[in-house]
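Everything on this sheet refers to the single structure shown next.
The values are calculated or read from the model by the stated rules, or taken from the named source; none is laboratory data. Predicted model, so just to flag it, every value in this text is computed and none were measured. When we count neighbours, we look across all protein chains shown, and the Cβ atoms used for this are built from the backbone with ideal geometry, even at glycine. The protein model used for the area step is the full one, side chains on, heavy atoms only, and it has no ligands, DNA or RNA in it. Shrake-Rupley method; radii C 1.70, N 1.55, O 1.52, S 1.80 Å.
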Amino acid sequence: MINFKEVISKNIAEITNIDKKELITYIEIPPNSEMGDYAFPCFKLAKTLKKAPPMIANEIKEQYKENEYIDKIEVVGGYLNFYINKNIFVKDVMTEIFNKKEEYGSSEIGKGKTAVIEYSSPNIAKPFHIGHLRTTVIGGALYKIYKFTGYNVIGINHLGDWGIQFGKVMAGISLWKDEYNLSDDNEELINEILKIYVRFSKQEKEDETGEMNNLARKWFIKLEAGDEEAVKLWKWISEISLKEYEKTYNLLNSKFDSYNGEAFYNDKMQAVVEELKEKALLEESQGAQVVNLEKYDMPPCIVITSTGTTIYATRDLAAFMYRMKEYDFDKLVYVVGGEQQLHFKQIFKVLELMGYEEYVSKTQHVSFGLVVDKDGEKIGSRKGNSVSLEDILKQSINKVKDIMNSKNPDIENKEEIARKIGVGAIIFNDLSASRIKDEIFDWDTILNFNGETGPYVQFMYVRTRSILEKANTDISNIDNINLDLIKEEEAIEIVKLMANFEQVIINAMEKNEPSILTRYIINLAQAFSSYYAKYTIICEDKEVEKGRLLLTKQVGDVIKKGMELLGIDCPEKM
Ligand code: ARG
């Protein structure tokens, strides 16, 4: 595509003798197109050229070589406003989209580089509750976005499949196994295990003698020591939980390249402990082995607890070192909630002290806010009110089905369409605002077909498809389409947005912020809606119609690809 910033900066460079690369960074896009398509702020050059900005602007304007790309230049104060040639622009962008097809918007800035993205990572043997929605959805979107910018991406589910929660479940089973139906053919087996976990945790909290806690610890110590019975139970619980989790992953279309969770690092932690000792970083504190981080204003990082077991942090240190060797990553991204900020700060600091600052500098904790209800209360926080993610997704699908039953009861593939809309609505809502903010979970907003929502965007996509179907005009050869006829202001707005697609994806990747893409898709859908409200696409003049149809098709294609990168499918009908 023609890079207009490049064209403009090249010309200004010739006039001013200032480096083009510097100039290009100054070029702005005015807030509305009445002020031009691009603007150059001349005050940036005032110091170097030792002249007042308006004077510089006038001089550049006078000397600017006429070329086909720019229709008009205006001086406003210290600004130079450039009006580009719309015909060239439209033709250029639409031809590029036409030729690149599925690849439009992709780039190669990650070519030859590896990004490791860790996300979802639920604690199995505990419910997969709504608290893990955000990491799963944000991480899933980043996974696809990084791939589209050319990275070799490894998606890791760092399962919480080791740790004291297993001690609790095992202790609970040892106490109460006769009270529950734990036979392998019980379809609700996972729920029985969860009930035991919840019962044990509750009693443990209430138990002032500390005996319940001791019992859980004992089982975990057994597990770490490789006790046969404990290991067998652990395997059994892990398998059942994972099978259950897969149902949720299937609904969300989540994919991982590796399920190496905490247990995977069991035989890799000893080496880390040895290395810490060798580097004189470990010290004893109240019976535990810790890395003192006082100097850095942080509590100590516990590596071995006073009962001699390893801990969450130990496994994270081992995981980091493994990933360093195994993947030699250029980027490592942890998509984990804000509550764990201190944990990651500690881990990164310890790794720096160990001498791995180069890799630590390529690492980022991508944090996010809570899921809250309309009143700002954390969902699932009230006791006994744990909300399973699978239930929420199913609820959403059912709500959509109800709406469909009242509006379009005879539609084919109802189940499949309801799944795409219901699940898409939840994902879109999650990715709507900047990730660091709390996500407001409110059904009325999530499923509002007229709001800035997933269903709204899907509806716009379906509209583009139904227009094309209805017109039934051949637009498969761009050479037969007169793109000069596309000149309405609203249409140019759409083309401008579409021209930005690649850059938007790159920004979302660099900031690890899928909401940048979500916002963009909303803007594009709304721009199309305004255009559609004002102009009839299927019209008398068949030459005009062809251009409008191609524009319609391309809007649909870009929306669909953008949604796909967020992890959302668009139905063809709804
Ligand atoms: N399993 C943890 C939890 O649910 C999240 C794991 C985050 N990743 C990590 N490498 N520590 O809280």
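Brief remarks on what is shown
- The set of residues from segment 209-231 being charged (D, E, K, R) and surrounded by 14 or more Cβ atoms within 10 Å (Cβ to Cβ) comprises Arg217, Lys218, Lys222, Glu224, Asp227.
- Phe441 passes every criterion in (1) open to solvent by less than 20 Å² (accessible area, probe 1.4 Å); (2) in contact with a helix residue (DSSP H, G or I) (Cβ under 6 Å, 6 or more places away or on another chain) apart from (2).
- For segment 232-247, the criterion of being aliphatic (A, V, I, L, M), open to solvent by less than 20 Å² (accessible area, probe 1.4 Å), in contact with a helix residue (DSSP H, G or I) (Cβ under 6 Å, 6 or more places away or on another chain) and farther than 30 Å from Gly567 by Cβ is met by no residue.
- Filtering segment 49-71 for residues that are touching a Phe, Trp or Tyr at 6+ places or on another chain (Cβ under 9 Å), closer than 24 Å to Leu497 by Cβ, open to solvent by 60 Å² or more (accessible area, probe 1.4 Å) and at pLDDT 95 or above leaves an empty set.
- Conditions (1) assigned to a helix (DSSP H, G or I); (2) more than 17 Å from Cys570 (Cβ to Cβ); (3) open to solvent by 10 Å² or more (accessible area, probe 1.4 Å); number of the one not met by Ala491: (3)
- Flag for Ile506 being assigned to a helix (DSSP H, G or I), within 30 Å of Ser367 (Cβ to Cβ) and out of contact with any Gly (no Cβ under 7 Å at 6 or more places or on another chain): yes
- Those residues of segment 89-134 which are farther than 30 Å from Ile193 by Cβ and either modelled with pLDDT under 95 or within 16 Å of the ligand (Cβ to nearest atom) (or both), in sequence order: Ala115, Val116
- For first residues located in segment 326-343 and on the phi < 0 side of the Ramachandran plot, partners that are within 12 Å of the ligand (Cβ to nearest atom) and of a type in the set (Lys, Arg) and lie 6+ apart or on another chain with Cβ distances below 8 Å form the pairs Phe329/Arg323; Leu332/Arg323; Gly337/Arg134.
- For segment 315-326, the set of residues classified as over 17 Å from Glu283 (Cα atoms), buried (at least 18 other Cβ atoms within 10 Å of the Cβ) and within 13 Å of the ligand (Cβ to nearest atom) consists of Arg315, Asp316, Ala318, Ala319, Phe320, Met321, Arg323, listed by residue number.
- Restricting segment 257-301 to residues that are of a type in the set (Phe, Trp, Tyr) and within 16 Å of the ligand (Cβ to nearest atom) leaves a set whose member that is surrounded by the fewest Cβ atoms within 10 Å (Cβ to Cβ) is Tyr259.
- For segment 146-158, residues that are on the phi < 0 side of the Ramachandran plot, surrounded by fewer than 21 Cβ atoms within 10 Å (Cβ to Cβ) and outside any helix (DSSP H, G or I) total 2.
- Test: residue in segment 342-353 that is open to solvent by less than 60 Å² (accessible area, probe 1.4 Å), basic (Lys, Arg) and out of contact with any strand residue (DSSP E or B) (no Cβ under 6 Å at 6 or more places or on another chain): yes
- Filter result for Thr307 (out of contact with any Asp or Glu (no Cβ under 9 Å at 6 or more places or on another chain) and away from the ligand (no atom under 16 Å from the Cβ)): yes
- Segment 159-193, residues that are over 26 Å from Asn260 (Cα atoms), open to solvent by less than 60 Å² (accessible area, probe 1.4 Å) and assigned to a loop (DSSP other than H, G, I, E, B): Tyr180, Leu182, Ser183, Asn186
- Some residue of segment 430-443 being part of a helix (DSSP H, G or I) and among the polar types (S, T, N, Q): no
- Scanning segment 332-382 for residues that are within 22 Å of Leu431 (Cα to Cα), within 16 Å of the ligand (Cβ to nearest atom) and of a type in the set (D, E, K, R) yields Glu339, Lys378.
- When the criteria are applied in full, Phe4 meets the requirement of being crowded, with 18+ Cβ neighbours inside 10 Å, within 42 Å of the chain's Cα centre (by Cα) and not β-branched (Val, Ile, Thr).
- Of the criteria (1) out of contact with any Lys or Arg (no Cβ under 7 Å at 6 or more places or on another chain); (2) free of Cβ contacts under 8 Å to residues at least 12 places away in the same chain, which one Ile56 fails: (2)
- With respect to the conditions (1) outside any helix (DSSP H, G or I); (2) among the aliphatic types (A, V, I, L, M); (3) under 27 Å from His158 (Cβ atoms), Ile196 lacks only one, and its number is (1).
- Single unsatisfied condition, Leu80 versus (1) open to solvent by less than 70 Å² (accessible area, probe 1.4 Å); (2) in contact with a strand residue (DSSP E or B) (Cβ under 6 Å, 6 or more places away or on another chain); (3) closer than 30 Å to Asn482 by Cβ: (3)
- Within segment 151-171, the set of residues being more than 12 Å from the ligand (Cβ to nearest atom) and farther than 30 Å from Glu102 by Cβ comprises Ile164, Phe166, Gly167, Lys168, Val169, Met170, Ala171.
- Selection of segment 135-150 for residues being more than 16 Å from the ligand (Cβ to nearest atom) and either among the β-branched types (Val, Ile, Thr) or out of contact with any Asp or Glu (no Cβ under 8 Å at 6 or more places or on another chain) (or both) yields Ala141, Ile145, Tyr146, Lys147, Phe148, Thr149.
- Checking each residue in segment 108-126 for being open to solvent by 10 Å² or more (accessible area, probe 1.4 Å) and within 19 Å of Gly567 (Cα to Cα) picks out only Ser121.
- Of the criteria (1) of a type outside the set (Gly, Ala, Ser); (2) more than 11 Å from the ligand (Cβ to nearest atom); (3) open to solvent by 30 Å² or more (accessible area, probe 1.4 Å), which one Tyr312 fails: (2)
- Meets criteria (out of contact with any Gly (no Cβ under 7 Å at 6 or more places or on another chain), open to solvent by 10 Å² or more (accessible area, probe 1.4 Å), in contact (Cβ under 8 Å) with a residue 40 or more places away in the chain and in a helix (DSSP H, G or I)) for Lys553: yes
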